[in-house]
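To keep things clear, I will list the structure first and then write my remarks on it.
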Ligand SMILES: Cc1cc2nc3c(=O)[nH]c(=O)nc-3n(C[C@H](O)[C@H](O)[C@H](O)COP(=O)(O)O)c2cc1C
Ligand code: SF4
């Protein structure tokens, strides 16, 4: 495992070498093709052109790269199943919606190394013989959309997009930017495709899967920004090297975004398999508490991820180790909270978010999240009564079991992790009739 640390804060980029995905940041103009090529850029696509398409997919499978958008689905397996699906045209879609609170890692790639993402999408275009790729960039990232547009124009002028790319007859491929619809649910892959098609950004019922019936009803690949940025690294450096950056089962590095009461806040690149404690406490990473107060809990992977507690910090930050501990890497977010924060009130805010962002298509998600929020508010304001902890648990599990998309299906994760590890903090609010000073401290 390499020790890879990179950081951005207030727009400043500080890189401690060696890094992998962020290695060119600060060394080149982000949209200059010639500077990108001088630093090894586009060597992944050049390597791909010397390989059989199935060989490219096998290399991605061997690299054990898990999708970086949240669900952690193996990218190689996704590519392989799309490859074997009949039907033309096939579309390539990059998910750059990044609407998950506490998550801001893709913006660093989009703004500072857009050509790496273009190269990843280009390799996908080549493998699937696609003519058209789309990148769906969060609507609020206006400046970044402009940077990305310039990168596309420059790649086109240099012959890396357009017709007969790199002199290969019939390798014609374009990338178009679509501005995000401004809702968290638009990041869900099927809602995102609806939004690109100009429809309301609501999730579709699956199956059929997007690999078969995707954009405009055609076979489609949807991957996250960071996943696409990993592809050229795998091809140019080889799957063995990529695996060495992480663990055997979780290849590569991971971008994490640390926020909250952490001393250092920003985006960092770490080798998968680094202990969670290092991510949060190491002086070159999170750096521990900013306030001097003890740290109380860590919301990991986004709003739909579980919450970790100090006694879990020896867990290794890999897809498998986190899962074994009931945690998840998710979107790469780590929100650090000190002991001044009431855990129950924090969960209440998480549900405010779900209520706001539910698209309303499924009744359990639309109404259930509202009922849970009301009950959590009873806890915070001193009206909760005996049996309400169990009611909370039942309702959130039912919403998750009966919802159609990942938003509703994940609403129970943060709450369940708190009930498993800190049930007494919820019970204390019943016995003390609402939060009194120190009611939540332990
Ligand atoms: C409510 C919701 C929001 C999501 N938002 C994003 C997002 O902003 N970016 C992203 O890459 N994936 C997001 N996802 C996950 C996507 O549905 C999909 O799994 C991902 O884009 C696939 O890419 P990957 O395999 O490379 O991770 C979201 C999922 C849900 C349920
Ligand atoms: S689970 Fe919620 S967000 Fe997802 S489709 Fe149903 S109502 Fe919409």
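The values are calculated or read from the model by the stated rules, or taken from the named source; none is laboratory data. Only a predicted model underlies this, so the values are computations on that prediction, with no experimental measurement involved. Cβ sites come from the backbone with ideal geometry, for glycine too, and all protein chains shown count toward neighbours.
Figures for the structure shown
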{"quantity": "Odd one out for residue 216 among (1) buried (at least 23 other Cβ atoms within 10 Å of the Cβ); (2) in contact (Cβ under 8 Å) with a residue 60 or more places away in the chain; (3) assigned by TED's automatic domain parsing to the domain that holds residue 122", "calculated": "(1)"}
{"quantity": "Hits in the stretch 91-121 - residues which are in contact with a strand residue (DSSP E or B) (Cβ under 7 Å, 6 or more places away or on another chain), more than 27 Å from residue 334 (Cβ to Cβ) and not in a strand (DSSP E or B)", "calculated": "118, 121"}
{"quantity": "Flag if residue 41 is within 18 Å of residue 160 (Cβ to Cβ) and in a loop (DSSP other than H, G, I, E, B)", "calculated": "yes"}
{"quantity": "Lone unmet requirement of (1) in contact with a strand residue (DSSP E or B) (Cβ under 9 Å, 6 or more places away or on another chain); (2) crowded, with 22+ Cβ neighbours inside 10 Å for residue 304", "calculated": "(1)"}
{"quantity": "Entirely in the stretch 176-287, the strands (runs of 3 or more DSSP E) that have 2 or more residues that are closer than 22 Å to residue 299 by Cβ and at pLDDT below 95", "calculated": "266-271"}
{"quantity": "Number of the exception - residue 87 against (1) within 16 Å of ligand 2 (Cβ to nearest atom); (2) modelled with pLDDT under 95; (3) under 19 Å from residue 197 (Cβ atoms)", "calculated": "(1)"}
{"quantity": "Criterion: at pLDDT 95 or above, surrounded by 19 or more Cβ atoms within 10 Å (Cβ to Cβ) and within 16 Å of ligand 1 (Cβ to nearest atom) - qualifying residue of 360, 330", "calculated": "330"}
{"quantity": "Some residue of the stretch 150-165 being within 16 Å of ligand 1 (Cβ to nearest atom), closer than 22 Å to residue 267 by Cβ and in contact (Cβ under 8 Å) with a residue 24 or more places away in the chain", "calculated": "no"}
{"quantity": "Which listed residue, of 76, 99, 70, 139, is in contact (Cβ under 8 Å) with a residue 12 or more places away in the chain, within 16 Å of ligand 2 (Cβ to nearest atom) and either surrounded by fewer than 24 Cβ atoms within 10 Å (Cβ to Cβ) or closer than 12 Å to residue 229 by Cα (or both)", "calculated": "99"}
{"quantity": "Qualifying residue in the stretch 80-88 (condition: touching a strand residue (DSSP E or B) at 6+ places or on another chain (Cβ under 8 Å) and in contact (Cβ under 8 Å) with a residue 24 or more places away in the chain)", "calculated": "yes"}
{"quantity": "Selection status of residue 248, away from ligand 1 (no atom under 16 Å from the Cβ) and not assigned by TED's automatic domain parsing to the domain that holds residue 54", "calculated": "yes"}
{"quantity": "Where a residue in the stretch 394-416 is without any contact (Cβ under 8 Å) to a residue 12 or more places away in the chain and its partner, wherever it lies, is within 14 Å of ligand 1 (Cβ to nearest atom), with Cβ under 7 Å and at least six apart", "calculated": "409/400; 409/403"}
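Condition check ((1) in a helix (DSSP H, G or I); (2) over 27 Å from residue 224 (Cα atoms); (3) touching a strand residue (DSSP E or B) at 6+ places or on another chain (Cβ under 8 Å)) across all residues:
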site: 314; (1), (2), (3): no, yes, yes
site: 335; (1), (2), (3): no, no, yes
site: 349; (1), (2), (3): yes, no, no
site: 355; (1), (2), (3): yes, no, no
site: 390; (1), (2), (3): yes, yes, no
site: 395; (1), (2), (3): yes, yes, no
site: 399; (1), (2), (3): yes, no, no
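Yes or no, residue by residue, for (1) assigned by TED's automatic domain parsing to the domain that holds residue 308; (2) modelled with pLDDT of 95 or more; (3) buried (at least 22 other Cβ atoms within 10 Å of the Cβ):
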| position | (1), (2), (3) |
| --- | --- |
| 391 | no, yes, no |
| 396 | no, yes, yes |
| 399 | no, yes, yes |
| 404 | no, yes, no |
| 407 | no, yes, yes |
| 420 | no, yes, no |
| 437 | no, no, no |
| 440 | no, no, yes |
